[in-house]
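Down below is the structure, laid out as structure tokens.
The values are calculated or read from the model by the stated rules, or taken from the named source; none is laboratory data. What you see is a predicted model, and the numbers here were worked out from it, not measured in a lab. We place every Cβ from the backbone using ideal geometry, glycine too, and count neighbours over all the protein chains shown. The area values use the complete protein model at the heavy-atom level, side chains included, leaving out ligands, DNA and RNA. Shrake-Rupley method; radii C 1.70, N 1.55, O 1.52, S 1.80 Å.
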Amino acid sequence: MEAMKTNDLRETALRQIWAFYELAETIRVLSGNREFARTGMLPDERKIIGEYQVAQYKVGQEADKAFPNSKPSEDLTYHFSRWDTKFGFKGINIWQFFSEGLQSQFAQIIGKDNARYAALRAEQKRIAAEGVSANPQAASPSGSPFVRNDPGTLAARRCVELGGSELECVGKGFWTGLLDMAGVDPDTTKAEISGLVMNGPYINGSGMSVSFGPESVSITGCGKLVPAGHSYAITKKPNQLLITVKSAPNSFALSMGNDGKLSGPGPIDINGQIISGYRRVWMQRYHNGAVVPGDGYWDNEPIYAPKTERCAIGALAQVPPPPADKNELTRGLTSAIDTLMPTGPTGLRMAGHYAGQGGLALEFAVDSVTLDCGAAHVKHAYTVDDTPNQIQITVKNGASPFTLALQPNATLLGSGSIDVAGRVVTGSDANGIAFAASNARCSVSTLAAR
């Protein structure tokens, strides 16, 4: 409690309240599986956590009496989840009390050898060591009180800082907040695909098409087969790039030319399903979980049967993007859908999170890549080029683009240093959200996938 004192009484109380919370969380993390085991925590763990919780409650009660109009116990400025890299550093530097060994154990459990987590945590440690975060009001260039740090607000704020629309950012903030309320780390809700992927639709002259996503490719127009997804793998060879589609009874390969078109093997057999007929089914209507007697409708449900079709997979060209929506009534909706679910360019793309020892972290999406360097982050377009001997990724980093080479071991190799010019939310004014510039420099070396 002594170490949490500042020149501001309310700020002191706020840090003391959430310091006890972080200390209890630290014990829970270090306990490993005992936190969720049927036998529960060890007696000494339960005892100390209980003491911290009682102390947090008492400090909160006294602080709320002193500041009834802005109760510190309800202020979540320093309420960081255990997965947040600011935990233990931002405002409440509890790590000053513990050994490097204990800190490393905590980081290994939470980060699970996550290079990006390690890089971001190292940055927070540097900031805490320099005392930059000693005064949360001074951390904002405008002195704005816009310092809420609950996960939903953080997600929405980051989205806005990266140039996202209001609809997109509100959605991200709401979803992240829901996951945090459920005690789920948003970064671990889905296994992540990393590396080189294909994207978008290709079509041949006979009407057959293939459509790529990060994990699978769908084949449409092969006889009467119902469109179905197949996994695929990309192999880079000297002067050649092959995409192996894992179908039955035999896999087949597509070769990518210099013009981005795909060449198939010709006639092949593909196993799948066809619609052999339909059955009539009654679609019952419910209200508040109860059946509404006599209310519903009949519908046709397809009946599927296995089938093998022989299809000619020859030259496949990229499907051109659709023209811009000129209808004033639907243009806004179309734009919103494109923002929430971007399609990105057709062809080679990258996926996943990458981080390096120089502090640079990259998050690839189908349409863009987000750069994180210290406290600065920004979103830029990128290209993926199939050169004779390697795959090269060029990030359009403002006036200073840089290129990374995809290595056989799936890492990204670059050189030199780059400047990342981003922005941070400082509050709001009559014109809306106010921003301040946030710049940082990071070295580019080897970036490994999360």
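For A437, indicate whether it is part of a strand (DSSP E or B), small (G, A, S) and free of Cβ contacts under 8 Å to residues at least 60 places away in the same chain.
Numbers: part of a strand (DSSP E or B): yes; small (G, A, S): yes; free of Cβ contacts under 8 Å to residues at least 60 places away in the same chain: yes.
So A437 fits the description; yes.
Here I17 passes the criteria (1) under 29 Å from the mean Cα position of the chain (by Cα); (2) among the β-branched types (V, I, T); (3) buried (at least 21 other Cβ atoms within 10 Å of the Cβ) except the one numbered (1).
Residue-by-condition table, conditions (1) within 22 Å of T370 (Cβ to Cβ); (2) within 29 Å of the chain's Cα centre (by Cα); (3) at pLDDT 85 or above:
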residue	(1), (2), (3)
K58	no, no, yes
K71	no, no, yes
T77	no, yes, yes
F80	yes, yes, yes
W95	no, yes, yes
R121	yes, yes, no
R126	yes, yes, no
V132	no, yes, no
P136	no, yes, no
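Only a single criterion out of (1) surrounded by 16 or more Cβ atoms within 10 Å (Cβ to Cβ); (2) modelled with pLDDT of 90 or more is not satisfied by P186, namely (2).
Can we say L42 is at pLDDT below 85 and open to solvent by 30 Å² or more (accessible area, probe 1.4 Å)? So L42 fails the test.
Of the residues making up the stretch 20-36, just one is open to solvent by 20 Å² or more (accessible area, probe 1.4 Å) and in contact with a Gly (Cβ under 8 Å, 6 or more places away or on another chain), namely R34. Taken over the stretch 290-309, the criterion of being surrounded by fewer than 10 Cβ atoms within 10 Å (Cβ to Cβ) and either among the aromatic types (F, W, Y) or touching a residue at least 40 places away in the same chain (Cβ under 8 Å) (or both) is satisfied by Y297, W298.
With among the hydrophobic types (A, V, I, L, M, F, W, C), open to solvent by 20 Å² or more (accessible area, probe 1.4 Å) and under 20 Å from C442 (Cβ atoms) as the only criterion, which of I109, I127 stands out? Write out each step before concluding.
Working: I109 fails: under 20 Å from C442 (Cβ atoms).
The unique qualifying residue is I127.
When A405 is tested against (1) within 25 Å of G163 (Cα to Cα); (2) part of a strand (DSSP E or B); (3) of a type outside the set (F, W, Y), exactly one condition is not met: (1).
Once the stretch 377-411 is narrowed to residues that are within 18 Å of Q240 (Cα to Cα) and small (G, A, S), the residue that is modelled with the lowest pLDDT is A410.
Out of the stretch 240-256, which residues are open to solvent by 30 Å² or more (accessible area, probe 1.4 Å) and part of a loop (DSSP other than H, G, I, E, B)?
Within the stretch 240-256, K246, A248, N250, S251 meet the criteria.
Within the stretch 391-426, the set of residues being open to solvent by 30 Å² or more (accessible area, probe 1.4 Å), touching a residue at least 60 places away in the same chain (Cβ under 8 Å) and either of a type in the set (S, T, N, Q) or touching an Asp or Glu at 6+ places or on another chain (Cβ under 8 Å) (or both) comprises R423, V424. N7 passes every criterion in (1) surrounded by 15 or more Cβ atoms within 10 Å (Cβ to Cβ); (2) in a loop (DSSP other than H, G, I, E, B) apart from (1). The single condition among (1) modelled with pLDDT of 80 or more; (2) open to solvent by 40 Å² or more (accessible area, probe 1.4 Å) that F174 does not meet is (1). Taking (1) surrounded by 10 or more Cβ atoms within 10 Å (Cβ to Cβ); (2) free of Cβ contacts under 8 Å to residues at least 12 places away in the same chain in turn, H287 satisfies each apart from (1). What do you reckon, is I275 in a strand (DSSP E or B), in contact with a Pro (Cβ under 9 Å, 6 or more places away or on another chain), more than 30 Å from N409 (Cβ to Cβ) and open to solvent by 70 Å² or more (accessible area, probe 1.4 Å)? So I275 passes the test. Checking each residue in the stretch 282-311 for being at pLDDT 90 or above and either touching a helix residue (DSSP H, G or I) at 6+ places or on another chain (Cβ under 9 Å) or among the small types (G, A, S) (or both) picks out only A305. The requirement of being open to solvent by less than 40 Å² (accessible area, probe 1.4 Å), polar (S, T, N, Q), under 17 Å from K261 (Cβ atoms) and touching a residue at least 12 places away in the same chain (Cβ under 8 Å) is fulfilled nowhere in the stretch 218-239; no residue meets it.
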